[in-house]
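Structure first, commentary second.
The values are calculated or read from the model by the stated rules, or taken from the named source; none is laboratory data. All values reported here derive from a predicted model rather than from experimental measurement. Reconstructed Cβ throughout: ideal geometry from the backbone, glycine too, with neighbour counts over all protein chains shown. Only protein heavy atoms, including side chains, enter the accessible area calculation; ligands, DNA and RNA are left aside. Shrake-Rupley method; radii C 1.70, N 1.55, O 1.52, S 1.80 Å.
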Amino acid sequence: MTIHRRTSWRERLVMWLLPLAVLAAAAAASWTVWDRERHEIERELQAEFDTRVRETVGLFRERMLAYEQALHATHGLFASSPRVERGDFQAFVASLRIETHPGLQGMGYALRVPAGERERHERTVRAQGFPAYAINPPGERAELTSALYFEPSGNTLLSTLGTDYYAEPSRRHAMDAARDTGSIAISNKIKLPEEDAQAVQAGYRMYMPVYGGGPVPPTVEERRQKLTGWIYAAFSMDGLMSNILGERTSIAVDVFDGGVGGGDDAGQDLLVDRVGGESAVKLLFATQRLQVGGYSWTLTAQSLPNFATTSATSKLQLVAGVGIAASLLLAVATWLLLRRRIRMRIAAEELRAAKEKAEAGSRAKTQFLAAASHDLRQPVQALGLFTATLQAMARRAQVPGEEVGQVAHRLHLTLQGLGRLLNGLFDLSGLESGTVAVAKRPVNVAALLQELQSAFAGPAAEKGLRLRVRIPKEALWVDTDPLILSRVLSNLLANALRYTEHGRVLVGCRRRAGGRIEIQVLDTGIGIPPEEQARIFSDFYQVADVDREREKGMGLGLAIAQRSAQLLGTRVEVQSQLGRGSRFSVTLSTLASG
């Protein structure tokens, strides 16, 4: 707080701006180092990320090709046997060990039912041990198919047996494409048959046509005529993507299909949930497109927050922490150095001021003693003269009474001046030494002003002056020392009467903002020149135009009044105009009426 009061605004500005500038420069340098380190780590992470994305895409392709190989193997069964019975199909699919292929749920065969043979076909299958068998959905259609086999069967067989997949748009386009091209085709996204509404997962069918009479016919027309059915592989995208990243769960992978037409869930393009959890921050991102089974797939990968290794993250945190700590230390050190420099300057100024004050005090003491000795010598010399006069008069035979009276009067005035001088010196000495005790208590302003009026009414009347004291009608109380305040006001009022030759002296009080009152002493005296107003509170000072008559004062009254007012926490203010009078005032805080 002391430093703030004793420094200029420029020093305070530098004291804060320079540490801030050092902090900003150090922070910028730290950020540059941190950013360079971050780019290096990101470059390494990008290389690792690209490698892992390529591995993921390759594994996705491998699994899809494994599905295709299972289809080709099953197609070989149909190509090598004129008639494949249910047991043959079941045994062959069991030999494929499809449980080793993630996501592959089973292999099936959908028979093409020629037009007009629906009833005969249903009777034949019912006779094989499926009495409730029927092609679903019911109704006549231009093309009929029936899901005849599906392995491994379990409960799924009963729910899919007899289903006409060709009646479903999501599968029909793939079945047509496989039939017409003689190759594998993949359906749009479907709901797998074992799913319910509470556990929906994305599924696909991979179809391969079976033609009667040997190899694939050369033309589309022949392929449509010789088609006997489709073998298909059912796989789920969740199963396909299961554990595709292994234990590396720091990358999120999304798979989008590029199928034709609408699937079972229109508007659902996201086909698999994100392996490795959700990422709130994208560090790295990649997109790969590939063709499998004549079908377009888009894989997107993005790194998760835990993709960066602990060591890399710790390194960045260490660089950031060291940079922040170093920046703050530099800023604080700069601030402390500036503060120390300012304190040294203030200490030097205080030392110089103390020295100047001591020298000024020494000079003032010397001047005070010189003035005091001069003022004391004059009444003592006057007393000696008056004593000699009385001795001379005593040797005379007859002494007129009037002459003795004049000498006695002058002797009385000299003793009064000497008494005032001694009292003033004693008062000033007490104020300077700090031995005057302040005892504050509530003081009634009206009562104080009445005492002043009673004390100075006589002296004012003797001098032919009008003394008017405006006593407030309302109760005004101040917290102060009544004796010291009375001495201040008495000195001001005595000074006003002393230097006013004609006219009047007015004492009153005014309310001021903040619950304060200003007690004023106004006179129509000689006034004080502007250049003298700053000096009137000095010891033994009198206005230069006034004859220095010691019976009128020694120049201590205003000095005593100012020092006494300072004891009360206020000061004497003056406003004056030469030749028109002066106004002296003291401002005090008021209390509630008591």
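Ordering 101-109, 223-231, 509-517 by mean Cβ neighbour count within 10 Å, with the highest value first, yields 101-109, 223-231, 509-517. Expressed as a whole percent, the accessible surface of the stretch 104-186 that belongs to carbon and sulfur atoms is 54, based on a 1.4 Å probe. Taken about its Cα centre, the stretch 475-525 carries a charge dipole of roughly 140 debye when the Cβ of each Lys and Arg holds +1 and the Cβ of each Asp and Glu holds -1.
If you roll a 1.4 Å probe over the heavy atoms of the protein chains, what accessible area per residue do you get for the stretch 1-156, in Å²? Each step should come with its number before you reach the end.
Details: 9140 Å² over 156 residues.
Counting only protein heavy atoms, the per-residue value for the stretch 1-156 is 59 Å².
Between Glu474 and Lys191, the simple spin-label model (points 7 angstrom out along Cα→Cβ) gives 8.8 nm.
Quote to one decimal, in nm, the extra length available between Phe285 and Ala127 on full extension: 0.36 nm per residue of separation minus the C-alpha distance between them.
Values: separation 158, 0.36 × 158 = 56.88 nm, distance 5.81 nm.
Roughly 51.1 nm would be gained on extension.
Scoring 127-136, 492-501 by mean Cβ neighbours within 10 Å over their residues and listing the highest first yields 492-501, 127-136. Going by the alpha-carbon gyration tensor, a ≥ b ≥ c the square roots of its eigenvalues, is the stretch 1-134 rounded (a/c under 1.5) or, if a/c is not under 1.5, prolate (a/b greater than b/c) versus oblate? Prolate shape, in that a/c is at least 1.5 and a/b is the bigger ratio.
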